[in-house]
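Below is one structure, written out as structure tokens; comments come after it.
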Amino acid sequence: MGLPMDGLGFEILYQDEHCLVVNKPPGVLTQAPPGIDSLERRVRAWLEQQQPNTAPSTSHTPEHQQPPQISPLPASGEKAEPENPSFASEKANLPPENSQPGGKKLYLGLPHRLDRPVSGAVVFALTRRAAQRLSAQFERRSMKKLYWACLQGRVEPTEGVWKDFLRKVPDQPRAEIVPMEHPDALYAVLHYRVLGYLDWGSWVEIRLDTGRYHQIRIQAASRGHPVLGDVQYGAGQPFGPPVQDVREQPIALHARTLIFRHPKTKQTMIIRAPLPDCWKELHLPEKIPYSAPDPPCNPWEGLF
């Protein structure tokens, strides 16, 4: 277990002097302009409170001290994109190193993001070199992301691949399916596996091959299985506690597991994020339907 969220506004899953992995709560922007609450702002404020202490020490050690090495999936010639095209390259988004009290410099790089209503694991870089190396892993798809989603209806077959061409609708915060010939079309691929059927629908595990804008949400909704609570894409079933600002309403989509090479040691890191409290209302089975612990050292083994 990581450090609790109390007083932080996020949960620390892993920390050392090179990178920080946190559990993003739903309803919070990953990144925002100055003066607007965001996960990045909360993390930066917390790091500044640590100054002028020494470099952060490890606060959580992965359960698998020496996990097996994971062979990256073969990448096609297509360049992977984060969920928001504006974060396409960490090299183009490297923040300056700001001087802090005590002569220390605080660096915080963000090589990827999650949609506002989505919860789960987000990795931050604490040095410029770490940011470049983590960003490179995202671009060549050696950074693996495993999501849990609760979808309306009965998803069949129980496992498969969804392939579409998507585009972000100009000047609107949504995506849509388009023909392959569309000039803005981007190829989108995900693999899914049904973990269980419940009264409200299907509990599904998803691995992204690409990281298009709102990819999981639009690909699921276009097949008649919107994410619970995702009214933007046609969900008719509510999810999570009511909120005053509809933009803060959570949806049942969670970045469960991140697998990446540590930017300094090259060790294979397997970090998983506990579910938010609002998922308790879904009454998921206590026993995870894996043939090994949750998850096995190699989460892809035997799953897809």
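The values are calculated or read from the model by the stated rules, or taken from the named source; none is laboratory data. In this text the structure is predicted, and so the values were computed from the model without any measurement. As a convention, Cβ positions derive from the backbone with ideal geometry for all residues, glycine included, and neighbour counts pool all protein chains shown.
Of the residues making up the range 239-277, those that are within 14 Å of Val122 (Cβ to Cβ) and either touching a His at 6+ places or on another chain (Cβ under 8 Å) or in a helix (DSSP H, G or I) (or both) are Met269, Ala273, Pro276.
Just one of the numbered conditions (1) under 18 Å from Leu20 (Cα atoms); (2) at pLDDT 90 or above is not true of Leu94: (2).
For the range 251-290, the set of residues classified as under 21 Å from Val194 (Cβ atoms) and surrounded by fewer than 19 Cβ atoms within 10 Å (Cβ to Cβ) consists of Leu275, Lys280, Glu281, Leu282, His283, Leu284, Pro285, Glu286, Lys287, Ile288, Pro289, Tyr290, listed by residue number.
Let's see how each residue does on (1) crowded, with 20+ Cβ neighbours inside 10 Å; (2) assigned to a helix (DSSP H, G or I); (3) basic (Lys, Arg):
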residue: Pro179; (1), (2), (3): no, no, no
residue: Tyr187; (1), (2), (3): no, no, no
residue: His191; (1), (2), (3): no, no, no
residue: Gly196; (1), (2), (3): no, no, no
residue: Trp203; (1), (2), (3): yes, no, no
residue: Arg207; (1), (2), (3): yes, no, yes
residue: Ile216; (1), (2), (3): yes, yes, no
residue: His225; (1), (2), (3): yes, no, no
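For the range 242-261, check the following and say yes or no: at least one residue is within 17 Å of the chain's Cα centre (by Cα) and among the aromatic types (Phe, Trp, Tyr). Checked against the condition, which is being within 17 Å of the chain's Cα centre (by Cα) and among the aromatic types (Phe, Trp, Tyr), the range 242-261 yields at least one hit.
Residues of the range 131-144 that are over 18 Å from Gly109 (Cα atoms) and either in contact with an Asp or Glu (Cβ under 8 Å, 6 or more places away or on another chain) or crowded, with 22+ Cβ neighbours inside 10 Å (or both): Arg141 alone.
So, of the residues in the range 99-134 that are over 30 Å from Asp277 (Cα atoms) and assigned to a strand (DSSP E or B), which turns out to be modelled with the lowest pLDDT? Applying the filter and picking the extreme gives Ser99. Scanning the range 133-171 for residues that are touching a residue at least 60 places away in the same chain (Cβ under 8 Å) and among the polar types (S, T, N, Q), which turns out nearest to His262 (Cα to Cα)? The selected residue is Gln137. Among the conditions (1) closer than 28 Å to Gln267 by Cβ; (2) touching a strand residue (DSSP E or B) at 6+ places or on another chain (Cβ under 8 Å); (3) modelled with pLDDT of 90 or more; (4) part of a loop (DSSP other than H, G, I, E, B), Met5 misses just one, which is (3).
For Leu198, the requirement of being farther than 26 Å from Gly109 by Cβ and in contact with a helix residue (DSSP H, G or I) (Cβ under 9 Å, 6 or more places away or on another chain) is met. Being at pLDDT 95 or above and over 14 Å from the mean Cα position of the chain (by Cα) is the filter here, so list the residues in the range 135-155 that pass it. Residues satisfying the conditions are Cys150, Leu151, Gln152, Gly153, Arg154, Val155. With the condition kept exactly as written, say whether any residue in the range 208-227 is closer than 30 Å to Tyr107 by Cα and of a type in the set (A, V, I, L, M). Yes: one or more hits.
Let's see how each residue does on (1) charged (D, E, K, R); (2) modelled with pLDDT of 90 or more:
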| site | (1), (2) |
| --- | --- |
| Phe239 | no, yes |
| Asp245 | yes, no |
| Pro250 | no, yes |
| Ala255 | no, yes |
| Leu258 | no, yes |
| Arg261 | yes, yes |
| Lys264 | yes, yes |
| Met269 | no, yes |
| Ala273 | no, yes |
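Taking into account only those residues within the range 156-171 that are β-branched (Val, Ile, Thr) and modelled with pLDDT of 95 or more, which is farthest from Thr268 (Cα to Cα)? Per the criteria, the residue is Val169.
Kindly indicate whether any position in the range 137-158 is touching a Phe, Trp or Tyr at 6+ places or on another chain (Cβ under 7 Å), assigned to a loop (DSSP other than H, G, I, E, B) and among the basic types (Lys, Arg). Yes, because at least one residue in the range 137-158 is touching a Phe, Trp or Tyr at 6+ places or on another chain (Cβ under 7 Å), assigned to a loop (DSSP other than H, G, I, E, B) and among the basic types (Lys, Arg).
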